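Q: Okay, here's the structure, questions in a sec.
The values are calculated or read from the model by the stated rules, or taken from the named source; none is laboratory data. These numbers were taken from a predicted model, which means no experiment stands behind them. Quick reminder, even Gly has a Cβ in these numbers, built from the backbone with ideal geometry, and neighbours come from all protein chains shown. Areas reflect the complete protein model, heavy atoms only, side chains present, ligands, DNA and RNA absent. Shrake-Rupley method; radii C 1.70, N 1.55, O 1.52, S 1.80 Å.
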Protein chains: 4
Amino acid sequence: MTDGRTRRREDTRQRLFVAAVDLIAEQGFSATTVDDIAARAGVAKGTVYYNFESKTVLFEELLRHGIGLLTAEFRAAVDGLPPLEALGALVRAQLEYIRRYRAFAQLLLSEMWRTNREWQQTLRLLRGEAIAVIADTVQAGVDSGDLPADLDVRTASSALFGVGLVVAVDWLVFSPERPIDEVQESLLGIVRRVART
Amino acid sequence: MTDGRTRRREDTRQRLFVAAVDLIAEQGFSATTVDDIAARAGVAKGTVYYNFESKTVLFEELLRHGIGLLTAEFRAAVDGLPPLEALGALVRAQLEYIRRYRAFAQLLLSEMWRTNREWQQTLRLLRGEAIAVIADTVQAGVDSGDLPADLDVRTASSALFGVGLVVAVDWLVFSPERPIDEVQESLLGIVRRVART
Amino acid sequence: MTDGRTRRREDTRQRLFVAAVDLIAEQGFSATTVDDIAARAGVAKGTVYYNFESKTVLFEELLRHGIGLLTAEFRAAVDGLPPLEALGALVRAQLEYIRRYRAFAQLLLSEMWRTNREWQQTLRLLRGEAIAVIADTVQAGVDSGDLPADLDVRTASSALFGVGLVVAVDWLVFSPERPIDEVQESLLGIVRRVART
Amino acid sequence: MTDGRTRRREDTRQRLFVAAVDLIAEQGFSATTVDDIAARAGVAKGTVYYNFESKTVLFEELLRHGIGLLTAEFRAAVDGLPPLEALGALVRAQLEYIRRYRAFAQLLLSEMWRTNREWQQTLRLLRGEAIAVIADTVQAGVDSGDLPADLDVRTASSALFGVGLVVAVDWLVFSPERPIDEVQESLLGIVRRVART
DNA sequence: TATGAATGAGAGTTCATTCAT
DNA sequence: CATGAATGAACTCTCATTCAT
């Protein structure tokens, strides 16, 4: 199972993932060619098709992989924490994630609110899983009285996710020199104020 | 004589704009073909090229047109208002705009934070003009003492623009049944709270 | 017949001829667009079609006009002259013509030995008329004993025409600083030597 | 392993060369489509672009290949010969070449004296290399006293090249039934007579 | 007599995908 | 497990031609 061949193959897949995410973040899915991906990964074009059924499938697995990671970090962040602290931990986790996987975050920002794309179903589903963690935390806050009782949990969670994404990416693209702590503080400050209502 | 011709041509360009913005918002620039655009506009393919140098130029003029409109509405909104009220007016104007030109807003959200695209220069420039109106208002608020003196005006304006965009589009895509007033209230509430700091 | 309208139209046709001959000489027939021709002639594209049935017809009339002129000058040159002097006069006439209508000469050089072109029939016919004047002169020289009796009149005339064309155009393109008299002398010298055989 | 592939690819390129030269000679560069070339070579259209950057590049490599061959034959022809004999050898070599690669010769005749074409730089350069061999021979003849001391070497070489081309192609197009030896004799006769001056 | 907006067939080019090696 | 030559459908763009003004 984890013999030489499997490891080699896993390595190739990993390099293709990295190459694809960078290029698609920069140029978008359609503008990124399989040739580009293979070249940046340092393999032949045929190798892409040996490892993935198609360009679309490669992209879908990429989304699955990336958002799965984010969801896992969300779950780890809130584990055992009381609602308000958990909310802060989520913001921190999202920022950390975006900083580490900047290209993937850009890609998400570009694709998340599109319509009529092949992988839309997949994306909505994955988005739902990530936001569910946020929603659970928000719901817990409402139940415990830490958050206003009339809060629309679904919309608030959705907005929280989107705001974190856009603010962090905006920071990375337009003010990369600004320290992340400031950004984190601003976001946490806003969340706390909203919570207090 | 020349007037009839000019009017006809202007009409054709307008229809191409409308067709292009819808399709590109849904599918992205690369995935949208010139054939699609021509078909939706109800003209022949050659007509697209008679009116625009290239697909890229059509898109750039589209960006210019759309963001120009937004900037104009921003300017009209803040005209003569004191800082805090002006800030509220900006939020309202942005939401109104996004509701009216939903497709264009989606398109902006998808392209604004990308790198390495042909029209990036154009986009950055236009974004700068729109954000300048916000920045002027924020700066006035800082000067008047309505906003915290240590506020990073540039970053705050940038974030305000991004948050408005992502929240409004998220609402249109994922909770279209929710009345816009609520969204507006939420956003205004957040802005006011931040202002009070 | 020669009223205002006709004169204006004739003027437009003339300008289109001049524009077309220049452009086609430089770039070839296919690479020259009707837009190019109209622009250089300073008229609208529709005007080309108002004056000529099609691009091909414009070109054919151009060939007819240009080679007709050359043939006429050939006829005028040899008129009344004894064979050997007539031969020299032909060389001079051809060089004069090429110098005056350089672009047309280039165009001829490019198209004359092509096969499978639409206007080939026309071109062969016109070429035949021009070469007939040369052939008549050569034949007269053979008959009078000034030229060798076993000379293949047809081939010799054909070659004379081609050599004149290629040497003159080569001179115009690659050694334009060299005076025409030298070129003429060289050519006449060769012809005279061949004649003496 | 790699050898099999390389050979296959080289084979494809060769077939594309042959197909392209025939078609372009007949119809000209612009009038020849990539579809035509692919069809005659018996490959798919995409294969043309897998092997050549563009239609223009294919044509440039074609020119390079064809004129390179001619230059090589010129060099082989004059090798070790005294000036006058070398001159005769050049004429023979040129005629042989044109007879063998008739299509390429027609193409050269059509393109050589054009201006404003993309590959002009390339063509001038290659023409220079071929004519340099002639010029060296002519210069040797001048130095040895076999040719007139006041001969303009550059112009004479240029003209010799052009005359050989136009006479040979004229013969192939308009009198293909005439044996090549006669043509060769005529040309050699002229050259010898000029030499005697 | 002249115009120029519009057209659509067809050109050059790209690229996801296949497959023999 | 990996390769890269070949493919052909689909793309962007061009341009000779038409026609209402």
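Q: What number of residues within the stretch C:124-145 satisfy the criterion of being buried (at least 20 other Cβ atoms within 10 Å of the Cβ) and farther than 24 Å from C:A195 by Cβ?
A: 1
Q: Looking at (1) more than 19 Å from D:A103 (Cα to Cα); (2) in a helix (DSSP H, G or I); (3) near DNA strand F (Cβ under 10 Å from one of its atoms), find the lone condition where D:R75 falls short.
A: Failing condition for D:R75: (3).
Q: Which pairs do you get when a residue that is more than 17 Å from C:D150 (Cα to Cα), found in the stretch D:185-197, comes within reach of a residue that is in a helix (DSSP H, G or I) and open to solvent by 90 Å² or more (accessible area, probe 1.4 Å), reach meaning Cβ atoms under 6 angstrom, with the pair 6+ apart or on two chains?
A: Every condition considered, no pair remains.
Q: State all residues of the stretch D:146-161 that are touching a residue at least 12 places away in the same chain (Cβ under 8 Å), open to solvent by less than 40 Å² (accessible area, probe 1.4 Å) and of a type outside the set (A, V, I, L, M, F, W, C); if no residue qualifies, say none.
A: Result: D:P148, D:S157, D:S158.
Q: Could you go through the stretch A:82-92 and let me know if any residue there is surrounded by fewer than 17 Cβ atoms within 10 Å (Cβ to Cβ) and either within 12 Å of DNA strand E (Cβ to nearest atom) or farther than 23 Å from A:I180 by Cα (or both).
A: Yes, there is a match, as at least one residue in the stretch A:82-92 is surrounded by fewer than 17 Cβ atoms within 10 Å (Cβ to Cβ) and either within 12 Å of DNA strand E (Cβ to nearest atom) or farther than 23 Å from A:I180 by Cα (or both).
Q: Restricting to the stretch A:138-197, count the residues that are part of a loop (DSSP other than H, G, I, E, B) and aliphatic (A, V, I, L, M).
A: Adding up the residues that qualify gives 3.
Q: When you look at A:W119, is it within 11 Å of chain B (Cβ to nearest Cβ), under 20 Å from the mean Cα position of the chain (by Cα) and open to solvent by less than 40 Å² (accessible area, probe 1.4 Å), yes or no?
A: Against the criterion (within 11 Å of chain B (Cβ to nearest Cβ), under 20 Å from the mean Cα position of the chain (by Cα) and open to solvent by less than 40 Å² (accessible area, probe 1.4 Å)), A:W119 does not qualify.
Q: When you go through (1) closer than 22 Å to D:R75 by Cα; (2) among the charged types (D, E, K, R); (3) open to solvent by 40 Å² or more (accessible area, probe 1.4 Å) one by one for D:E182, which number turns out not to apply?
A: All conditions pass for D:E182, except number (1).
Q: Suppose we filter A:R124, A:R114, A:R100 for residues that are assigned by TED's automatic domain parsing to the domain that holds A:Q184, more than 12 Å from the chain's Cα centre (by Cα) and closer than 20 Å to A:L160 by Cβ; which single one remains?
A: After applying the criteria, what remains is A:R124.
Q: Here are B:A195, B:A86: which of them is at pLDDT 95 or above and not β-branched (V, I, T)?
A: B:A86
Q: Would you check which residues across the stretch D:18-33 are open to solvent by less than 20 Å² (accessible area, probe 1.4 Å), in a helix (DSSP H, G or I) and either touching a Ser or Thr at 6+ places or on another chain (Cβ under 9 Å) or closer than 13 Å to D:W119 by Cβ (or both) and list them?
A: Those that are open to solvent by less than 20 Å² (accessible area, probe 1.4 Å), in a helix (DSSP H, G or I) and either touching a Ser or Thr at 6+ places or on another chain (Cβ under 9 Å) or closer than 13 Å to D:W119 by Cβ (or both): D:A20, D:L23, D:I24, D:A25.
Q: Collect the residues in the stretch B:44-70 that are in a loop (DSSP other than H, G, I, E, B) and open to solvent by 30 Å² or more (accessible area, probe 1.4 Å), keeping them in residue-number order.
A: Listed by number, the residues that qualify are B:A44, B:E53, B:S54.
Q: Scan the stretch B:29-46 residue by residue and report those that are away from DNA strand E (no atom under 13 Å from the Cβ) and facing another protein chain (nearest Cβ under 10 Å).
A: Answer for the stretch B:29-46, where residues must be away from DNA strand E (no atom under 13 Å from the Cβ) and facing another protein chain (nearest Cβ under 10 Å): just B:T32.
Q: Go through D:S54, D:S110 for me and flag whichever is among the small types (G, A, S), within 12 Å of another protein chain (Cβ to nearest Cβ) and farther than 30 Å from D:V142 by Cβ.
A: Matching residue, one of D:S54, D:S110: D:S110.
Q: Would you check which residues across the stretch C:147-164 are more than 7 Å from chain D (Cβ to nearest Cβ) and closer than 28 Å to D:Q120 by Cα and list them?
A: C:L160, C:F161, C:G164
Q: Can you name the residue in the stretch C:1-17 that is crowded, with 16+ Cβ neighbours inside 10 Å and not basic (K, R) and, of all such residues, is nearest to DNA strand E (Cβ to nearest atom)?
A: C:T12
Q: Just a yes or no: is a residue in the stretch A:38-58 more than 13 Å from DNA strand F (Cβ to nearest atom), in contact (Cβ under 8 Å) with a residue 60 or more places away in the chain and under 22 Å from the mean Cα position of the chain (by Cα)?
A: yes
Q: Still on this structure, please answer the following. Return the pairs, sorted by first residue and then second, in which the second residue is in a helix (DSSP H, G or I) and more than 11 Å from DNA strand E (Cβ to nearest atom), the first residue lies in the stretch D:2-19 and is touching a residue at least 40 places away in the same chain (Cβ under 8 Å), the beta carbons are less than 7 Å apart, and the residues are 6+ apart or on different chains.
A: What qualifies is D:L16/D:A41; D:F17/D:L62; D:F17/D:H65.
Q: Next question. Is it the case, given these coordinates, that B:I131 is of a type outside the set (F, W, Y), assigned to a helix (DSSP H, G or I), under 14 Å from the mean Cα position of the chain (by Cα) and in the same structural domain as B:P83 (by TED's automatic domain parsing)?
A: So B:I131 fits the description; yes.
Q: Of the conditions (1) within 14 Å of chain B (Cβ to nearest Cβ); (2) more than 16 Å from DNA strand E (Cβ to nearest atom); (3) surrounded by fewer than 21 Cβ atoms within 10 Å (Cβ to Cβ); (4) more than 15 Å from A:F17 (Cβ to Cβ), A:R102 clears all except one; give me its number.
A: Going through the list (1) within 14 Å of chain B (Cβ to nearest Cβ); (2) more than 16 Å from DNA strand E (Cβ to nearest atom); (3) surrounded by fewer than 21 Cβ atoms within 10 Å (Cβ to Cβ); (4) more than 15 Å from A:F17 (Cβ to Cβ), A:R102 breaks only (4).
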